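Please read the structure below before turning to the comments.
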Amino acid sequence: MDEMTMLRDHHDAQPAPSPATVRAARERLAAHSRSRRLRVPRLGRLSLGIGALGLAACVGLVVVQVINDDTRVSTLNAVPAGAVQVLDRAATAARQQDDPRPRADQYVFAESQSGDYVSGPGQTPKWQGMRRMIWLPVDGKREGLLRERRTAGGGSTTGAWSTTVLRQPGGGPLDVQNNYAALDRLSRDPDELLAQLQRRYPAQHSSDPARDRSADEQVFDGISGMVAESYLPPSLRAALFQAAKKIKGITLVEDSIDAAGRHGVAVALTFREGVRQEIIFDRQTYAPLGSRSVLADAAAYNRLFSDLKGVPQGRTLSATALVNTRIVDAPGRLP
């Protein structure tokens, strides 16, 4: 059974999300990783923000905020000519959404699914899934809450729900840079926003230049993480997608699938390490759905790392899907 079949089986076995929900990816909290997933050196494989929605995370992604009210974005042409057109349409769709403007004392709630290869010493990498719910304070100045549960192929669970209070090491308030208040201060001008992102996510260098990350790679990965578990004002999401158009090397993926089994169109960037990172959008509404990473160049990856030996080129390495995100009044409260 391949990992996409496992994802679909897992999705079908879970309770259906609420009718108002739709979408997508994750941002890993440094002190509170959502998993004991297989790790590579810091400049190695992409972080798919859940913790993404660890998205985002992201992440991950990732990748991404959903339309979670009764607003309907008008259907757009479903045959994009390229990655830039996808991002233009996603920005247009974002501008048509209302912004609830949460209060500083409220919380961003995000519910997500994810899957990736995990491994232990001497073990062959295997696919494992995760269901996750997270509550993050809008102002970043109070504790957050994380609930997660691992799943295996076919939707079976591998343990009970775990609950973690999210706080800074040492017990201080949770003040991450992707809290709503910090994100809301970012520029809505795409050029100025791109400059801010380049300062947030600078190029990374190491003793092995082959493992370096360029500024474009870092910013693309950063955007994937920002939309993963963060509630972004629609105006900021629109600006982010316009800024992403300026990243060199982005490509169109006509058919991608998120961790919930939903197909969409994706904007992608292939990193020099041989992994392609994708941000997935609904083909009709251009709402973000989730994110995916794919082993695009096995030879390039295996020259740098040893954790994916035997994994065929073209295989999905990880995927995320944000199925619900809302503003709530307290941690632990469900929409």
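The values are calculated or read from the model by the stated rules, or taken from the named source; none is laboratory data. Owing to the predicted nature of the structure, the values given are computational and were not obtained by experimental measurement. Reconstructed Cβ throughout: ideal geometry from the backbone, glycine too, with neighbour counts over all protein chains shown. Each accessible area value is taken on the protein alone, full model and side chains, heavy atoms only, with ligands, DNA and RNA left out. Shrake-Rupley method; radii C 1.70, N 1.55, O 1.52, S 1.80 Å.
I need a count of the residues in the stretch 173-229 that are in a loop (DSSP other than H, G, I, E, B) and of a type outside the set (Phe, Trp, Tyr).
The total comes to 23.
Using beta carbons and a limit of 7 Å, which pairs, at least six apart or on different chains, have the first residue in the stretch 251-265 and open to solvent by 50 Å² or more (accessible area, probe 1.4 Å) and outside any strand (DSSP E or B) and the second one of a type in the set (Gly, Ala, Ser) and at pLDDT below 95?
These pairs meet every condition: ARG262/ALA321.
In the list THR75, THR92, which residue meets the criterion of being open to solvent by 40 Å² or more (accessible area, probe 1.4 Å), β-branched (Val, Ile, Thr) and modelled with pLDDT under 75?
Working: THR92 fails: modelled with pLDDT under 75.
Every option except THR75 fails the conditions.
Can you find, within the stretch 273-315, the residue that is nearest to SER112 (Cα to Cα) among those that are open to solvent by 40 Å² or more (accessible area, probe 1.4 Å) and among the small types (Gly, Ala, Ser)?
GLY314
Suppose we keep only residues that are under 22 Å from PHE109 (Cα atoms) and modelled with pLDDT of 90 or more within the stretch 182-192. Which one would you say is most open to solvent (accessible area, probe 1.4 Å)?
ARG185
Residue-wise test of (1) more than 16 Å from ARG262 (Cβ to Cβ); (2) of a type in the set (Gly, Ala, Ser); (3) at pLDDT below 90.
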{"position": "ALA287", "(1), (2), (3)": "no, yes, no"}
{"position": "SER291", "(1), (2), (3)": "no, yes, no"}
{"position": "LEU295", "(1), (2), (3)": "yes, no, no"}
{"position": "ALA299", "(1), (2), (3)": "yes, yes, no"}
{"position": "LEU304", "(1), (2), (3)": "yes, no, yes"}
{"position": "LEU308", "(1), (2), (3)": "yes, no, yes"}
{"position": "VAL311", "(1), (2), (3)": "yes, no, yes"}
{"position": "THR316", "(1), (2), (3)": "no, no, no"}
{"position": "ILE327", "(1), (2), (3)": "yes, no, no"}
